[in-house]
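Novice: Handing you a structure now.
The values are calculated or read from the model by the stated rules, or taken from the named source; none is laboratory data. This structure is a prediction, so every number in the text was calculated from the model and none was measured. Backbone-built Cβ (ideal geometry, glycine too); neighbour counts: all protein chains shown. Quick note on the areas: whole protein, heavy atoms, side chains included, nothing else; ligands and nucleic acids left out. Shrake-Rupley method; radii C 1.70, N 1.55, O 1.52, S 1.80 Å.
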Amino acid sequence: MAYGKRETEGVATLADIEALPEGVVGEIIDGTLYVHAQPRPGHMDILGSLHAELWGAFQQGRGGPGGWWIQVEPGIELEGSPEFIPDVAGWRKERIARLPSTSWRLAPDWACEILSPSTRGYDQRIKRPFYARIGIRHLWFIDVESRTLTVSELRDGHWTELGVYGDDDVIRAAPFEEVELRLGELWPLVESSDAR
């Protein structure tokens, strides 16, 4: 199942998401409900690997500077968009000192989306400009098919690509330059079509 808009009566609400069938994920961006298939094992393995790399160093301060909340698939609620979910996102603790008890109500400082055949268009055409509008400063795209990481930074309301990295690269990428990432260790040992 590729992503798609789901027709609703008026502006989409959380009730529209709750009414979705099992195995279908929904997000509301600018009042429109978008749906896609639930992530598959390869997608979730990359999520887990990236989260593990960043969580210890940047949330817990083990081998890194700390100072961040790093969350897998956090539910975020902003005006006009009561539910959207980056694959992984991070907030600087200087902006929000404690984890929220419900949904996040502040746009993250960094978001990462894992592109797959069924979500590539949605992540690039819908979420990327939306993330710029709400002021997310750093955006990463992990492309499962090409085994690459694209790092972008928001400058004057537009995305500036800082680099595209692949299998053999060991990088220090904004906003997490303090720790090296070995990209080859992120890719799961699954067929590429199993990403989502």
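Novice: What tally of residues in region 1-49 results from selecting those that are charged (D, E, K, R) and open to solvent by less than 70 Å² (accessible area, probe 1.4 Å)?
Specialist: The qualifying residues number 2.
Novice: Please tell me if Ala132 is in a helix (DSSP H, G or I), over 22 Å from His158 (Cα atoms), among the aliphatic types (A, V, I, L, M) and modelled with pLDDT of 95 or more.
Specialist: Here the answer is no, as Ala132 does not meet what is asked.
Novice: Right, here's the next one. Scan region 130-142 for residues that are open to solvent by less than 50 Å² (accessible area, probe 1.4 Å) and either under 23 Å from Asp168 (Cα atoms) or over 13 Å from the mean Cα position of the chain (by Cα) (or both) and jot them down.
Specialist: Ala132, Ile134, Gly135, His138, Leu139, Trp140, Phe141, Ile142
Novice: Another one. Could you please find all residues in region 83-107 being β-branched (Val, Ile, Thr) and open to solvent by 40 Å² or more (accessible area, probe 1.4 Å)?
Specialist: Matches in region 83-107: Thr102 only.
Novice: Counting just the residues of region 143-155 that are modelled with pLDDT under 95 and touching a helix residue (DSSP H, G or I) at 6+ places or on another chain (Cβ under 7 Å), which one comes out most open to solvent (accessible area, probe 1.4 Å)?
Specialist: Glu145
Novice: Please go through region 104-125 and give me each residue that is more than 13 Å from the chain's Cα centre (by Cα) and of a type outside the set (Gly, Ala, Ser), ordered by number.
Specialist: Listed by number, the residues that qualify are Trp104, Arg105, Leu106, Pro117, Arg125.
Novice: Being open to solvent by 90 Å² or more (accessible area, probe 1.4 Å) and not in a strand (DSSP E or B) is the filter; apply it to region 156-179 and report the residue that is nearest to Pro129 (Cα to Cα).
Specialist: So, considering only residues that are open to solvent by 90 Å² or more (accessible area, probe 1.4 Å) and not in a strand (DSSP E or B), the one nearest to Pro129 (Cα to Cα) is Asp156.
Each row is one residue, and each column tells you yes or no for (1) among the charged types (D, E, K, R); (2) touching a Lys or Arg at 6+ places or on another chain (Cβ under 6 Å).
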{"position": "Thr8", "(1), (2)": "no, no"}
{"position": "Trp69", "(1), (2)": "no, no"}
{"position": "Glu79", "(1), (2)": "yes, no"}
{"position": "Pro82", "(1), (2)": "no, no"}
{"position": "Ile85", "(1), (2)": "no, no"}
{"position": "Arg92", "(1), (2)": "yes, no"}
{"position": "Arg95", "(1), (2)": "yes, no"}
{"position": "Asp109", "(1), (2)": "yes, yes"}
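Novice: Next question, about the same structure. Applying the selection to region 116-129, what residues are within 19 Å of Leu50 (Cα to Cα), assigned to a helix (DSSP H, G or I) and open to solvent by less than 30 Å² (accessible area, probe 1.4 Å)?
Specialist: Correct list: Asp123 only.
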